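Colleague: Encoded as structure tokens, here's the structure I'll be asking about.
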Amino acid sequence: MTKVSMTVNGKAVARDVEARRMLVDYLRQDLDLTGTHVGCDTSQCGACVVHVNGKAVKACTMLAAEAEGAKVTTIEGMASSDDDLHRLQVAFNDHHGLQCGFCTPGMIMSAAALLSENPTPSEAEIRHYLEGNICRCTGYHNIVKAVLAASGQDSAALAAE
Amino acid sequence: MYNFEFVRPSSVADAVAALADEDAMALGGGQTLLPTMKARLAAPTKLVSLSGIDGLSYVKTGGDSVEIGGATVHADVAAEVADAFPALAALVARIGDPAVRNRGTIGGSVANNDPAACYPAAVLATGGTIVTDKREIAAEDFFQGMFATALEAGEIITAVRFPVPQAAHYEKFAQPASRFPLVGIFVARFASGVRVAVTGASESGVFRWTEAETALSSDFSADVVEGLTPSADGLIGDLHGTPTYRANMIRVMTARAVAAAG
């Protein structure tokens, strides 16, 4: 067992885990932060996206030990309270950016990384950036709309498909 | 995956020492190795992470070459070579997806030599150099077939150096599920001639299409490529495409790359 310490959503944490512990399992099973999902477990679907030192990563394809000393943000760290959701969470709600919701934590985390790099992305830039996040319900249209809205742009201009 | 010992040395020398164990493997960003271990296609007893080594993540531009530290992640390369070598930046910006690009490293990609990886095409087409902890290896000698390289056991890629061409372009026909190239073509035009590297297509990994190089060196135009017929011998045939299909794609994508390189 190896002691792995990091800061998750602003709190210092440490757990003894096996070297093979993936970051996503460290979050879900050791810290009970089950908002981060495991979809494909092969780094294709993006349901497990979290931020490590401010960068979006697929937590199913990073060892917990590789995040030693890192600052990690998960979906649980996005809203300051149940009444004060992150602007992306509000926009996904307003624009029906989810149906079953399974991919949503990863979508929000990827979209948040996009907006921190590019505060007003175009529709094409949003679609390109979310290439590694798969949604099997929505057809993506309302997700793109929600990200446009969250970035303060006119989402009504997005043509209906 | 099976459990293993994990170490994260802070120097190249310590990493080399840790890799001396039989069945030890170097871990770059893990974007290929970790899924491979989950599938139990690899089962190292020890992983030696290269992410804790100072001075292994950098991009140096200047003169007519670009040098990239072995542990530099794709996202950083894409951002930092945008001015010095835009064709390389464009290639890197389409590897995997943003989250994969935040973890995957140039050294890891080149060392793995996946027959459908993007980086090897750029290294081979530019006549790049792979720098390791003990020597420098020319691209021609480095890539030795599918997943095979000149690296010895425990040898670490510390940097990759690219001569910057006068004009270049990477044209990738992405397999939509994996985002790997079904066929990817890197065309590089130097004062000394044109080089064309093909990835994704061959059972033997990345290779140079010498017939196109000869034709393009005397007339750098897409029309010249349209008249060539790449051989389907030794090309990959799978559910995504037959060898004949891939041979045709080599011609089509090379013509597009030449047109885009200008």
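The values are calculated or read from the model by the stated rules, or taken from the named source; none is laboratory data. These numbers were taken from a predicted model, which means no experiment stands behind them. Every residue, glycine as well, gets a Cβ built from its backbone with ideal geometry; the counts of neighbours run over all protein chains shown. Heavy atoms of the whole protein, side chains included, go into the accessibility calculation; ligands, DNA and RNA do not. Shrake-Rupley method; radii C 1.70, N 1.55, O 1.52, S 1.80 Å.
Colleague: Do me a favour and compute the ellipsoid semi-axes for region B:145-241 from its Cα gyration tensor, root of five times each eigenvalue, largest one first, whole Å.
Modeller: 24, 21, 13
Colleague: If every alpha-carbon in chain B counts as one equal scatterer, what log10 I(q)/I(0) does Debye give at q = 0.07, 0.16, 0.17 1/Å?
Modeller: Result of the Debye calculation: -0.23, -1.18, -1.31.
Colleague: Can you give me the distance in nm between label points at A:THR2 and A:SER80, each placed 7 Å from the Cα along the Cα-to-Cβ direction?
Modeller: Each label point lies 7 Å from its Cα, and together they span 3.7 nm.
Colleague: Between helix B:243-261 and chain B, what is the angle of the helix's C-alpha long axis to the longest principal axis, kept within 0 to 90° and rounded to the nearest 10?
Modeller: Long axis of B:243-261 versus the principal axis of chain B: about 80 degrees.
Colleague: What's the average, rounded to a whole number, of partner chain beta-carbon atoms within 10 Å of each residue's beta-carbon in A:38-44?
Modeller: Mean number of neighbouring Cβ atoms from other chains: 4.
Colleague: Counting DSSP beta bridges with both partners in region B:1-154, what percentage is antiparallel, nearest 5?
Modeller: Among the beta bridges of region B:1-154, antiparallel pairing accounts for roughly 55 percent.
Colleague: Run the 1.4 Å probe and let me know the accessible area of B:MET25, rounded to the nearest 10 Å².
Modeller: Rounded to the nearest 10, that gives 70 Å².
Colleague: Using a 10 Å cut-off on Cβ to Cβ distances, tally the other chain neighbours for every residue of A:107-120 and report the average as a whole number.
Modeller: 1
Colleague: What is the spread of the Cα atoms of region B:59-163 along each of their three principal axes, largest first, in whole Å?
Modeller: The Cα atoms of region B:59-163 stretch 33, 31, 22 Å along the principal axes, largest first.
Colleague: In whole Å, largest first, what are the principal axis extents of the Cα atoms in the protein assembly as shown?
Modeller: The principal-axis extents, from largest down, are 68, 58, 43 Å.
Colleague: Just give me a number: lysine pairs in chain B, eight or more positions apart or cross-chain, with C-alpha atoms less than 27 Å apart.
Modeller: 4
Colleague: Tell me the mean residue ellipticity at 222 nm calculated for the protein assembly as shown from its helices only (DSSP H runs of n ≥ 4, each -39500 (n - 2.57), averaged over every residue, nearest 500).
Modeller: Per the formula, -8000 deg cm²/dmol.
Colleague: In what sequence, largest accessible area first, do B:LYS60, B:LYS38 appear using a 1.4 Å probe?
Modeller: The ranking, largest first, comes out as B:LYS60, B:LYS38.
Colleague: Let me ask something additional. Using a cut-off of 15 Å between beta-carbons, work out the net charge of the residues near B:GLY96 (Lys and Arg +1, Asp and Glu -1, B:GLY96 not included).
Modeller: Around B:GLY96, the surrounding residues sum to +3.
Colleague: Right, here's the next one. Tilt of helix A:141-150 relative to the longest C-alpha principal axis of chain A, in degrees (0 to 90, nearest 10)?
Modeller: Here the helix axis deviates by roughly 80 degrees.
Colleague: Report the relative contact order of chain B, percent, no decimals, based on alpha-carbon pairs under 8 angstrom and at least 6 residues apart.
Modeller: 15
Colleague: Can you give the relative contact order of chain A as a percent, counting alpha carbon pairs under 8 Å and 6+ residues apart?
Modeller: Taking the mean separation of contacting Cα pairs over the length of chain A, I get 22 percent.
Colleague: To the nearest Å, what is the center-to-center distance of region A:94-122 and region B:185-260, using C-alpha atoms only?
Modeller: 39
Colleague: Which parts of region B:245-262 would a label at B:GLU211 reach, counting a residue when its backbone N lies under 15 Å from a point 7 Å out along Cα-to-Cβ?
Modeller: Those under the cut-off are B:245-255.
Colleague: Could you tell me the calculated FRET efficiency between A:ALA124 and A:LYS11, based on Cβ-Cβ distance and R0 = 35 angstrom, to the nearest 0.05?
Modeller: 0.40
Colleague: At a probe radius of 1.4 Å, what is the per-residue accessible area of A:ASP25, in Å² to the nearest 10?
Modeller: 40
Colleague: Could you check what % of the DSSP bridge pairs in chain B are antiparallel, to the nearest 5?
Modeller: 85
Colleague: Tell me the Rg and the Dmax, in Å, that the Cα atoms of region A:87-154 produce.
Modeller: Here Rg and the maximum Cα pair distance are 10.3, 28 Å.
Colleague: Can I ask one more? Just how far, in whole angstrom, is region A:53-89 from region B:120-153 if you go by their alpha carbon centroids?
Modeller: The distance from the Cα centre of region B:120-153 to that of region A:53-89 comes to 37 Å.
Colleague: Over all alpha-carbon pairs in region B:5-49, figure out the percentage whose distance exceeds 12 Å.
Modeller: Distances greater than 12 Å cover 57 percent of the Cα pairs.
Colleague: For B:GLU140 and B:LEU228, what does the FRET efficiency come to when R0 = 25 Å and r is the distance between their Cβ atoms, rounded to the nearest 0.05?
Modeller: Efficiency for this residue pair is about 0.70.
Colleague: Summarise the accessible area of region A:2-77 (1.4 Å probe, protein heavy atoms) by the percent that is carbon and sulfur.
Modeller: Exposed carbon and sulfur together represent 43 percent of the surface.
Colleague: List, largest first, the extents of the alpha carbons of region A:1-86 along their principal axes, each in whole Å.
Modeller: 40, 29, 21
Colleague: How high is the relative contact order of region B:58-141? Use alpha-carbon pairs under 8 Å, at least six apart in sequence, and give a whole percent.
Modeller: After rounding, I find 22 percent.
Colleague: What accessible area, summed over both chains, is buried at the B-A interface (1.4 Å probe, Å², nearest 100)?
Modeller: The B and A chains share an interface burying roughly 2100 Å².
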